[in-house]
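**Q** Quick one: the structure is below, and I'll ask about it shortly.
The values are calculated or read from the model by the stated rules, or taken from the named source; none is laboratory data. For clarity, every value in this text was computed on a predicted model and none was experimentally measured. For neighbour counting, all protein chains shown are included, and Cβ atoms are generated from backbone atoms with ideal geometry for every residue, glycine included. For accessibility, only protein heavy atoms count, side chains too; no ligands or nucleic acids. Shrake-Rupley method; radii C 1.70, N 1.55, O 1.52, S 1.80 Å.
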Amino acid sequence: IVSETGVVYNDHEPIDAAIVTEKTIKSILLKRPFMINGGPRCLQYLKQHGFVTYDELFDESYDGVENLIDRQKIIVDNISTYVNNYDVLSDKIRSVQDKLNYNRNYILNADYEQLLVNELNSTNGTK
């Protein structure tokens with residue numbers, strides 16, 4: 001589980017933002033499947049930026065849940081699936097090796113770096 005910055009505040013009001021930080025990037029680089037304990041739509045953000053996620057391992061419906069407590073309940077349910085079933089988890093992790101390799105190679109690709117630069121420039125109003 002990657003514990004991301006889940007809620008951003010502006011004048012004490014929550015901002016609807018998918019936050020993906022170095023914590024998620026580290027899991028990708030280390031080729032570790034993950035769930036994100038953070039704000040809603042973090043997985044959607046990653047998918048929109050060319051990454052693949054691990055729906056074979058986890059119920060990813062938590063990503064669209066707005067309420068933090070409800071989102072965390074789904075994450076806990078995901079974890080409970082594998083408690084005392086390490087062999088099952090190990091087999092499933094082996095089954096997603098292609099995805100783990102893809103994500104790592106994708107993030108190390110110079111095109112991804114350019115995509116991030118373009119996104120930063122567009123949010124700052126520069127080109």
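**Q** Tell me which residues, restricted to the stretch 4-40, are modelled with pLDDT of 85 or more and open to solvent by 60 Å² or more (accessible area, probe 1.4 Å).
**A** Listed by number, the residues that qualify are E22, K23, K26, L29, L30, K31, R32.
**Q** Which residue pairs have Cβ atoms under 9 Å apart, sit 6 or more places apart or on different chains, and have a first residue in the stretch 98-109 that is within 13 Å of L30 (Cβ to Cβ) and a second that is in a helix (DSSP H, G or I) and β-branched (V, I, T)?
**A** Filtered contacts from the stretch 98-109: L100/I28; L100/I93; N103/I28; R104/I28; I107/I25; I107/I28.
**Q** Here is a check on your reading of the model: is I107 open to solvent by 30 Å² or more (accessible area, probe 1.4 Å) and at pLDDT below 95? So that I can check it myself, show each step before the final result.
**A** On the way: open to solvent by 30 Å² or more (accessible area, probe 1.4 Å): no; at pLDDT below 95: yes.
No, not satisfied.
**Q** Applying the selection to the stretch 48-71, what residues are over 9 Å from the mean Cα position of the chain (by Cα), under 15 Å from R104 (Cα atoms) and not hydrophobic (A, V, I, L, M, F, W, C)?
**A** Of everything in the stretch 48-71, those that are over 9 Å from the mean Cα position of the chain (by Cα), under 15 Å from R104 (Cα atoms) and not hydrophobic (A, V, I, L, M, F, W, C) turn out to be H49, G50, Y54.
**Q** Also, I was wondering about something else. What number of residues in the stretch 41-50 are open to solvent by 10 Å² or more (accessible area, probe 1.4 Å) and without any contact (Cβ under 8 Å) to a residue 40 or more places away in the chain?
**A** 5
**Q** Right, another one. Report, by residue number, each residue of the stretch 62-94 that is open to solvent by 80 Å² or more (accessible area, probe 1.4 Å) and either touching a residue at least 12 places away in the same chain (Cβ under 8 Å) or under 21 Å from E22 (Cβ atoms) (or both).
**A** E66, D77
**Q** Next up: So which of D87, D70, D98 ends up being at pLDDT below 95 and farther than 22 Å from S3 by Cβ? Give the steps one after another, and end with the answer.
**A** Details: D70 fails: farther than 22 Å from S3 by Cβ; D98 fails: at pLDDT below 95.
D87 is the lone residue from the list that is at pLDDT below 95 and farther than 22 Å from S3 by Cβ.
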